[in-house]
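*Asks:* Structure provided below as structure tokens; questions to follow.
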Amino acid sequence: ARRVTARAILPELAVAFGAERSPPAATAPAPRALPDLMAAHLPPAPENPAQTRLALGAFARPWPGTVEVRETHSGTVLARLPYPATTGTLTAPLGPGTLYTWDEANALELTLASGHLASRDEAEVLAGANRLAVEADSGAWEIVGFAAAELVAPGAYRLTRLLRGQDGTDHAIGLASAGQRVLLLDTRVTMLGVPPAWLGATAGLTSFAGPDDGEGVTAPAALDLAPLLPLRPVHLHAARQANGDVEIGWVRRSRADSGSWVVEEVPLDWAPEAYRVEIEDGGTVLRRLEVSAPAATYTAAQQSADFGGAPAAFTFRVAQLSAAFGPGHWARGEVNA
């Protein structure tokens with residue numbers, strides 16, 4: 001039989017009685033995830049032209065599994081975000097651009113906190129792919145499409161072949177300085193219909209990182225009327241007639257426009273149809289005309305009253321009217337005759 005000695009049994013006794021057991025290592029508390037919520041106030045979708053949208057996307061490191069967004073004062077749950085959004089900041093200014101054409105003069109330079117970007121065919125971009133919400137210095141959010149994405153450093157991109165002012169955000173085209181925020185509008189972003197009572201105010205949004213976060217992070221979301229107002233008219237033109245009158249015309253736009261080529265005319269999103277035309281001289285408004293069709297006559301008699309005769313040149317601006325909110329976004333024209 002095997003001889004068992006005291007020397008052999010001592011280690012077993014030590015383990016049994018805990019004499020040589022090391023104290024458990026202290027477990028460091030998990031760092032608290034602080035959600036960084038982006039809330040981009042965007043124009044309505046064509047199928048619901050009377051209600052603006054709030055694009056909600058969040059990022060946190062570590063990602064807590066879900067981020068719940070509540071209205072701060074009422075505690076109403078607005079959204080539960082199961083995935084981190086692709087968010088970032090501009091690393092160089094984005095200058096103003098033009099509508100309806102590819103912007104070849106500007107580039108979007110940015111660094112992402114998470115996610116990645118990729119190039120897409122121009123046809124796909126024209127159809128709605130690769131859309132970024134970019135916060136301008138004015139506080140408005142411009143939707144920008146991009147066809148080319150170049151990775152210039154880890155997490156840093158240079159985007160070119162831009163489409164500016166998409167989805168009715170041409171009012172937001174302007175300077176966006178370095179440091180302004182960007183949000184990729186993809187399936188990781190939740191679109192929330194904005195209640196009418198929120199318009200013209202600042203909403204408080206509190207983000208909670210998972211079910212164990214009892215504190216949350218609160219951030220304001222400014223919800224002005226700009227994304228809802230009637231779009232600025234296009235194709236402004238004016239011509240002096242033989243009798244001295246100046247005929248002014250334009251083409252209206254609509255937030256209810258689905259982009260279909262089947263319909264002869266886009267649906268009317270603001271009824272009754274009405275427009276305001278302002279005649280200007282050096283920035284001073286001399287006369288205001290209100291009409292119910294996309295055309296107005298500035299008569300020779302009105303010109304004489306305003307300018308003392310037929311002016312060689314003057315400027316004018318046109319806006320579609322909303323019965324509830326007044327003039328929409330203005331378009332400018334010039335007469336040289």
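The values are calculated or read from the model by the stated rules, or taken from the named source; none is laboratory data. Quick caveat, the model's predicted, so the values are computed rather than measured. Every residue, glycine as well, gets a Cβ built from its backbone with ideal geometry; the counts of neighbours run over all protein chains shown. Heads up: the accessible areas ignore ligands, DNA and RNA and are worked out on the full protein's heavy atoms, side chains in. Shrake-Rupley method; radii C 1.70, N 1.55, O 1.52, S 1.80 Å.
*Asks:* State all residues of the range 226-243 that are in a loop (DSSP other than H, G, I, E, B) and surrounded by fewer than 18 Cβ atoms within 10 Å (Cβ to Cβ); if no residue qualifies, say none.
*Replies:* GLN241, ALA242, ASN243
*Asks:* Going residue by residue through the range 154-175, is there one that turns out to be in contact (Cβ under 8 Å) with a residue 24 or more places away in the chain, surrounded by fewer than 18 Cβ atoms within 10 Å (Cβ to Cβ) and closer than 26 Å to LEU228 by Cβ?
*Replies:* Yes, that holds for at least one residue.
*Asks:* So, of the residues in the range 198-242 that are under 13 Å from GLU71 (Cα atoms) and aliphatic (A, V, I, L, M), which turns out to be farthest from the chain's Cα centre (by Cα)?
*Replies:* Per the stated criteria, the residue is VAL217.
*Asks:* Of all residues in the range 137-192 being among the acidic types (Asp, Glu) and assigned to a loop (DSSP other than H, G, I, E, B), which is nearest to the chain's Cα centre (by Cα)?
*Replies:* So the residue we want is ASP167.
*Asks:* Of (1) part of a helix (DSSP H, G or I); (2) open to solvent by less than 20 Å² (accessible area, probe 1.4 Å), ALA123 satisfies all except one. Which?
*Replies:* Result: ALA123 fails condition (2) only.
*Asks:* Please go through the range 245-260 and pick out each residue that is modelled with pLDDT of 95 or more and surrounded by fewer than 16 Cβ atoms within 10 Å (Cβ to Cβ).
*Replies:* GLU247, VAL251
*Asks:* Does LEU117 qualify as being modelled with pLDDT of 95 or more, open to solvent by less than 20 Å² (accessible area, probe 1.4 Å) and in a loop (DSSP other than H, G, I, E, B)?
*Replies:* For LEU117, the condition - modelled with pLDDT of 95 or more, open to solvent by less than 20 Å² (accessible area, probe 1.4 Å) and in a loop (DSSP other than H, G, I, E, B) - is met.
*Asks:* May I ask you to list the residues in the range 40-84 that are among the aliphatic types (A, V, I, L, M), surrounded by 13 or more Cβ atoms within 10 Å (Cβ to Cβ) and under 22 Å from ASP212 (Cβ atoms)?
*Replies:* Answer for the range 40-84, where residues must be among the aliphatic types (A, V, I, L, M), surrounded by 13 or more Cβ atoms within 10 Å (Cβ to Cβ) and under 22 Å from ASP212 (Cβ atoms): LEU56, ALA58, ALA60, VAL67, VAL69, LEU78, ALA79, LEU81.
*Asks:* Please give the strands (runs of 3 or more DSSP E) falling wholly within the range 244-335 in which 1 or more residues are without any contact (Cβ under 8 Å) to a residue 40 or more places away in the chain.
*Replies:* Ranges flagged: 275-281, 284-291, 313-322.
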